[in-house]
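*Asks:* Let me begin by handing over the structure; questions about it come next.
The values are calculated or read from the model by the stated rules, or taken from the named source; none is laboratory data. Being a predicted model, the structure only gives us computed values, none of them experimental. Quick reminder, even Gly has a Cβ in these numbers, built from the backbone with ideal geometry, and neighbours come from all protein chains shown. Ligands, DNA and RNA are stripped out before the accessible areas are found, and what is left, the full protein with its side chains, is counted by its heavy atoms. Shrake-Rupley method; radii C 1.70, N 1.55, O 1.52, S 1.80 Å.
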Amino acid sequence: MNRIDRISAILIQLQSHSLVKAQQISERFNISIRTVYRDIRTLEEAGIPIIGNPGIGYSLAEGFKLSPLMFTQKEALSFLIAEKLVHELTDSNSNEHYKSGIEKIRSVMRFADKNMLA
């Protein structure tokens, strides 16, 4: 995994959890703790409001969210598969909520991926 992909994945990890320890990041990406510190500093320099507490971990400032900008084709395909399953296996109310959510996801997808799903 290249550095840009890793830094993006670290941001996603921070958005997905209320607290992430440097050791968790280090183990997940097989990098040194020093590299974790550099990657966190890179995110901070890019304007991401990260709160770091020594010995406790990292979190994002309350209320900060960065919408995903792109999905891979495999991720997009998995949404299509999930849509088919939700349609077949859930009630109409759940199905409508899922459709509403999937439309929000489609709104941030690349044009080529939208065409592939269609």
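*Asks:* Looking only at residues in region 61-74 that are open to solvent by 80 Å² or more (accessible area, probe 1.4 Å) and within 15 Å of N115 (Cα to Cα), which one is modelled with the highest pLDDT?
*Replies:* K74
*Asks:* Filter region 75-115 down to the residues that are acidic (D, E) and at pLDDT 70 or above, then identify the one that is most open to solvent (accessible area, probe 1.4 Å).
*Replies:* That would be E88.
*Asks:* Name the residue that is nearest to I50 (Cα to Cα), counting only residues in region 14-28 that are among the polar types (S, T, N, Q) and surrounded by 13 or more Cβ atoms within 10 Å (Cβ to Cβ).
*Replies:* Step by step, filter region 14-28, then rank; the result is Q15.
*Asks:* Here's another thing I want to ask about it. For the list (1) assigned to a helix (DSSP H, G or I); (2) under 17 Å from the mean Cα position of the chain (by Cα), I need the number of the one condition that K65 fails.
*Replies:* Tallying (1) assigned to a helix (DSSP H, G or I); (2) under 17 Å from the mean Cα position of the chain (by Cα), K65 fails exactly one: (1).
*Asks:* Are there any pairs with C-beta distances below 9 angstrom linking a residue in region 54-71 that is closer than 19 Å to Q24 by Cα to a residue that is at pLDDT below 80 and open to solvent by 70 Å² or more (accessible area, probe 1.4 Å), with the two at least 6 apart or on different chains, and if so which?
*Replies:* From region 54-71, the pairs are L60/L66.
*Asks:* From the residues in region 29-53 that are assigned to a strand (DSSP E or B) and aliphatic (A, V, I, L, M), which one is surrounded by the fewest Cβ atoms within 10 Å (Cβ to Cβ)?
*Replies:* Ranking the qualifying residues of region 29-53, first place goes to I51.
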